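Right, one structure below, let's go through it.
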Amino acid sequence: MTRARRAHLVTFGCQMNEYDSGRLRDLLCAHGWQLTEIREEADFIFFNTCSIRAKAAQRALRRLEELRPLKKNNPSLIIGLGGCLAEQEGRALFDQAPWLDLVAGPQHLPRLPDILDEILTDRSQIALIGPGETPAWSQANLEAQGAKPDTFNSTAGPLLDYVTIMQGCNNYCAYCVVPYLRGPELSRPAGEIVSEIKGRVAAGSRDITLLGQNVNAYGRGRLDGEPDFPGLLRLIADTGLDRLRFITSHPRDFSPELVNLFGDLSSLSESLHLPVQSGSDAVLKAMGRGYTRRVYLDLIEALRVRCPNLTLTTDLIVGFPGETEADFDESLSLIETVGFDAMFSFKYSDRSNTVASSLPDKVLEEEKSRRLIELQTRQKVITLAKNLAHLGTVLEVLVERVSSRYPGQLTGRARNYKLVHFDGPPELIGQLVSVRVIEAFSTSLRGERVEASR
Ligand code: 5AD
Ligand code: SF4
């Protein structure tokens with residue numbers, strides 16, 4: 001008997017890539033592949049890559065270099081590189097890494113099982129790039145690729161799960177490669193999203209995060225009868241889900257109706273990721289973000305009126321071309337004014353094709369590093385203060401797992417998405433438990449259980 005072919009998948013980058021890899025895993029298994037954690041025993045190794053900043057791209061290329069000796073030892077091994085770096089570099093990757101067999105942009109991943117058969121028979125190098133006409137993981141696309149309906153979205157739901165609702169982006173922020181690599185906005189039909197979520201809830205998921213580069217634009221240019229983003233959230237709220245979140249929102253497209261859903265929809269988590277990118281109006285304008293500092297602050301205020309305990313996280317870039325010391329000070333003052341619970345901050349990275357890459361007045365690398373450290377040092381103090389403010393409060397925690405750091409403790413997330421540890425038996429995993437906060441750290445809270453679970 002021949003053994004099943006084995007695939008080893010490695011994911012870099014964002015949640016969208018994690019989701020894509022998950023669906024690819026489902027599809028490969030449905031086509032008779034087995035997954036392996038050990039790359040030496042794999043027949044197919046696939047890297048799902050990221051290219052948002054130069055560092056992410058370099059990391060994937062370094063890892064690809066490590067596969068060269070494996071291919072030498074086992075010439076029948078198939079090596080594939082997918083995701084944003086694949087889309088960006090295309091066939092040029094074959095010159096850089098001749099041991100590579102397959103290059104596939106994010107919109108072509110559903111074709112991989114068939115393409116692998118093709119490579120196995122004629123051993124040619126194949127590149128699949130360019131835009132797709134339907135969202136990659138929509139039913140219509142999967143059917144067009146020959147997948148059987150019973151192989152769609154077959155993963156048993158983990159407690160916390162992710163569902164893609166749209167892909168691509170039409171915003172073309174000056175620094176960003178996403179619109180070039182992930183293509184234009186394409187929304188999945190609402191009925192399909194709702195049925196996928198129902199399936200996951202039935203399989204045990206209690207907390208779902210909706211994914212898209214710009215979820216607020218969901219349904220833009222939609223067909224008659226299809227909902228917009230607030231409409232979609234209302235539909236999903238009826239699926240029996242305990243907690244619902246979404247990433248990523250664009251402040252410019254955040255409608256008053258969406259603001260009003262906070263406090264209205266009981267399943268909506270009290271946490272929001274709202275990238276601001278800069279606190280300076282001049283830099284926001286140069287970035288093409290389409291809002292001012294004032295508009296952003298007013299939006300936060302409106303959200304806090306609706307949902308006073310909302311935790312807020314953001315993305316911020318330092319050293320965008322032309323960013324002066326005064327502009328940077330505006331970013332520092334903005335993080336103090338808002339009081340973000342956490343921040344993801346980045347040094348501006350030049351990406352080819354973007355508008356910013358041809359702007360003058362590039363900020364020196366040392367200066368970007370200095371600004372990043374100063375920003376992160378300030379944010380650390382704010383994050384700790386935010387966590388300390390939870391002392392004595394009671395949080396509803398969805399218990400995820402036994403703590404890997406603290407023996408005898410369980411780990412879960414509160415409705416505001418703060419990480420909470422507390423003493424308790426493993427039987428509580430998967431349940432909602434009330435926990436009083438007794439200690440606060442920089443990245444988590446510690447508490448004690450105060451009442452029965454459900
Ligand atoms: N340089 C630095 N940071 C970037 N981001 C996107 N493009 C770049 C770039 N060229 C950041 C933004 C975005 C996050 C996902 O990555 O802050 O919100
Ligand atoms: Fe990139 Fe801007 Fe689109 Fe976000 S909204 S993916 S930063 S272009």
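Laboratory data are not the source of any read-out in this text; all were calculated from the coordinates shown. Source: prediction; values computed, not measured. Cβ placement follows ideal geometry from the backbone for every residue including glycine, while neighbour counts extend to all protein chains displayed.
More than 14 Å from ligand 1 (Cβ to nearest atom), within 19 Å of Val215 (Cα to Cα) and surrounded by fewer than 19 Cβ atoms within 10 Å (Cβ to Cβ): is that true of Leu297 in this structure? It is false that Leu297 is more than 14 Å from ligand 1 (Cβ to nearest atom), within 19 Å of Val215 (Cα to Cα) and surrounded by fewer than 19 Cβ atoms within 10 Å (Cβ to Cβ). Residues in the stretch 269-283 that are aliphatic (A, V, I, L, M) and more than 12 Å from ligand 2 (Cβ to nearest atom) were compared, and the one that is surrounded by the fewest Cβ atoms within 10 Å (Cβ to Cβ) is Ala282.
Among the residues of the stretch 321-328, not a single one is aromatic (Phe, Trp, Tyr) and within 14 Å of ligand 1 (Cβ to nearest atom).
Within the stretch 159-239, considering only helices (runs of 4 or more DSSP H) that don't extend past its boundaries, which have at least 1 residues that are among the acidic types (Asp, Glu), away from ligand 1 (no atom under 16 Å from the Cβ) and more than 29 Å from Asn353 (Cα to Cα)?
On the way: elements: 178-181, 190-202, 229-237.
Counting at least 1 such residues, we get 190-202.
The criterion of being more than 16 Å from ligand 2 (Cβ to nearest atom) and small (Gly, Ala, Ser) does not hold for Ala286. Contact annotation: residue pairs with Cβ atoms under 6 Å, 6 or more positions apart or on different chains, pairing a residue in the stretch 219-239 that is aromatic (Phe, Trp, Tyr) with a partner that is assigned to a loop (DSSP other than H, G, I, E, B) and crowded, with 18+ Cβ neighbours inside 10 Å, are Phe229/Tyr218. Taken over the stretch 370-381, the criterion of being closer than 12 Å to Glu336 by Cβ, touching a strand residue (DSSP E or B) at 6+ places or on another chain (Cβ under 8 Å) and either in a loop (DSSP other than H, G, I, E, B) or among the aliphatic types (A, V, I, L, M) (or both) is satisfied by Leu375 alone.
Candidates are the residues of the stretch 268-284 that are of a type in the set (S, T, N, Q) and within 28 Å of Asp361 (Cβ to Cβ); the one that is nearest to ligand 1 (Cβ to nearest atom) is Gln277. The condition of being touching a residue at least 40 places away in the same chain (Cβ under 8 Å) and within 16 Å of ligand 2 (Cβ to nearest atom) does not hold for Gly22. A Cβ distance below 7 Å, combined with a sequence gap of six or more or placement on separate chains, defines the contacts here; from the stretch 255-277, residues that are outside any loop (DSSP other than H, G, I, E, B) reach residues that are among the acidic types (Asp, Glu) and within 16 Å of ligand 2 (Cβ to nearest atom) in the pairs Gln277/Asp315. Asp327 falls short of the stated requirement of being within 22 Å of Arg252 (Cα to Cα) and either within 16 Å of ligand 2 (Cβ to nearest atom) or within 24 Å of the chain's Cα centre (by Cα) (or both).
Residue-level analysis places Leu299 among those that are within 16 Å of ligand 2 (Cβ to nearest atom), touching a residue at least 40 places away in the same chain (Cβ under 8 Å) and part of a helix (DSSP H, G or I). Considering the stretch 330-351, and only residues there that are within 15 Å of ligand 1 (Cβ to nearest atom) and surrounded by fewer than 16 Cβ atoms within 10 Å (Cβ to Cβ), the residue that is nearest to the chain's Cα centre (by Cα) turns out to be Phe344. Taking the criterion of being polar (S, T, N, Q) and not in a loop (DSSP other than H, G, I, E, B), the only residue of the stretch 425-454 that qualifies is Ser434. Summed over the stretch 352-369, residues that are assigned to a helix (DSSP H, G or I), more than 16 Å from ligand 2 (Cβ to nearest atom) and surrounded by 15 or more Cβ atoms within 10 Å (Cβ to Cβ) total 2.
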